1. Condition (residue is under 19 Å from the mean Cα position of the chain (by Cα), open to solvent by less than 80 Å² (accessible area, probe 1.4 Å) and charged (D, E, K, R)) applied to region 106-116: is it met by at least one residue?
2. Which residue is farthest from R113 (Cα to Cα), if the candidates are limited to region 24-40 and must be open to solvent by 30 Å² or more (accessible area, probe 1.4 Å) and under 18 Å from the mean Cα position of the chain (by Cα)?
3. Within the group G135, G178, G108, which residue is in contact with a strand residue (DSSP E or B) (Cβ under 6 Å, 6 or more places away or on another chain) and under 29 Å from K21 (Cα atoms)?
4. Checking Q53 against (1) over 28 Å from F116 (Cα atoms); (2) loosely packed, with under 12 Cβ neighbours inside 10 Å; (3) without any contact (Cβ under 8 Å) to a residue 24 or more places away in the chain: exactly one of these is not met. Which one?
5. I want to confirm something. Restricting to region 135-190 and keeping residues that are charged (D, E, K, R) and touching a residue at least 12 places away in the same chain (Cβ under 8 Å), which single residue is least open to solvent (accessible area, probe 1.4 Å)?
6. Mind checking which residues of region 37-52 are of a type in the set (S, T, N, Q) and in contact with a helix residue (DSSP H, G or I) (Cβ under 8 Å, 6 or more places away or on another chain)?
7. Against the condition closer than 28 Å to A11 by Cβ and under 17 Å from the mean Cα position of the chain (by Cα), how does H102 come out, does it pass?
8. Against the conditions (1) surrounded by fewer than 16 Cβ atoms within 10 Å (Cβ to Cβ); (2) within 14 Å of the chain's Cα centre (by Cα); (3) not aliphatic (A, V, I, L, M), where does P126 fall short? Just the number, please.
Amino acid sequence: MTRTVDARGLACPQPVILTRKAMQEGAERITVIVDSETAVVNVTRMAQKAGWQVAQERRDNAVYLHLTAPAAAEQPQEAPAPAVSAPAGPTVLLVKSNRMGHGDDELGEILIRGFFHTLTEMEDVPEVFIFLNSGVKLTTEGSPVLDDLCALEERGVEIYSCGTCLNFFGLTEALKVGAVSNMYSIVETLLSAGKVISP
């Protein structure tokens, strides 16, 4: 099956997300049309990491990325992976700000929106989200990522916001997703986590 993904004019990470969907839907050959070097690099990296061959063709002010799925017969037989014990506790996402990174605030807000939207497209996501400090603004009314958080909660993600932080910002009554937590529970969760990550 051959698919065409026209991702011209789409901001990161949409070209990668659309390409990944086509790959998951069983396409053996995919032509991805993009018009930015960032998209060229990101789609190519993602496809090659998944074992796909990528060829570039530049025409009409766009780049056509021709992706070919790895043939099953050409795949080397993998040795069984050694048994690895799973982490003792869940993976916890600790969100300490309503922006991502340090520097320009507007860019940080764009990045945090992209981060949570991309999480909704991933198969494996952290089991627990904890929001602290200004991060609690993301779980309250008017949050630009509220729809994404609700979708993740429906998939079973546990979402907790610091009650002290909500109160500090006057947002206790504005909480729209997840539950209010306290510092004792937050510390307990972090100490029992298999892994803690923070955007």
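1. Within region 106-116, one or more residues are under 19 Å from the mean Cα position of the chain (by Cα), open to solvent by less than 80 Å² (accessible area, probe 1.4 Å) and charged (D, E, K, R).
2. Ranking the qualifying residues of region 24-40, first place goes to Q24.
3. On the way: G135 fails: under 29 Å from K21 (Cα atoms); G108 fails: in contact with a strand residue (DSSP E or B) (Cβ under 6 Å, 6 or more places away or on another chain).
It is G178.
4. Every condition holds for Q53 apart from (2).
5. Step one: filter region 135-190 for residues charged (D, E, K, R), giving 137, 141, 147-148, 153-155, 158, 173, 176, 188.
Still in the running and touching a residue at least 12 places away in the same chain (Cβ under 8 Å): 137, 141, 148, 153, 155, 158, 176.
Values: K137: 80, E141: 127, D148: 27, E153: 77, R155: 114, E158: 87, K176: 111 Å².
It comes out as D148.
6. Taking region 37-52 as the starting set, the residues that turn out to be of a type in the set (S, T, N, Q) are 38, 42, 44, 48.
Selection gives N42 alone.
7. On the way: closer than 28 Å to A11 by Cβ: yes; under 17 Å from the mean Cα position of the chain (by Cα): no.
Here the answer is no, as H102 does not meet what is asked.
8. For P126, the exception is condition (1).
The values are calculated or read from the model by the stated rules, or taken from the named source; none is laboratory data. Being a predicted model, the structure only gives us computed values, none of them experimental. Please note: Cβ atoms are built from the backbone with ideal geometry, for glycine as well, and neighbour counts cover all protein chains shown. For the accessible areas, the whole protein counts, side chains as well, though only heavy atoms, and no ligand, DNA or RNA atoms are used. Shrake-Rupley method; radii C 1.70, N 1.55, O 1.52, S 1.80 Å.
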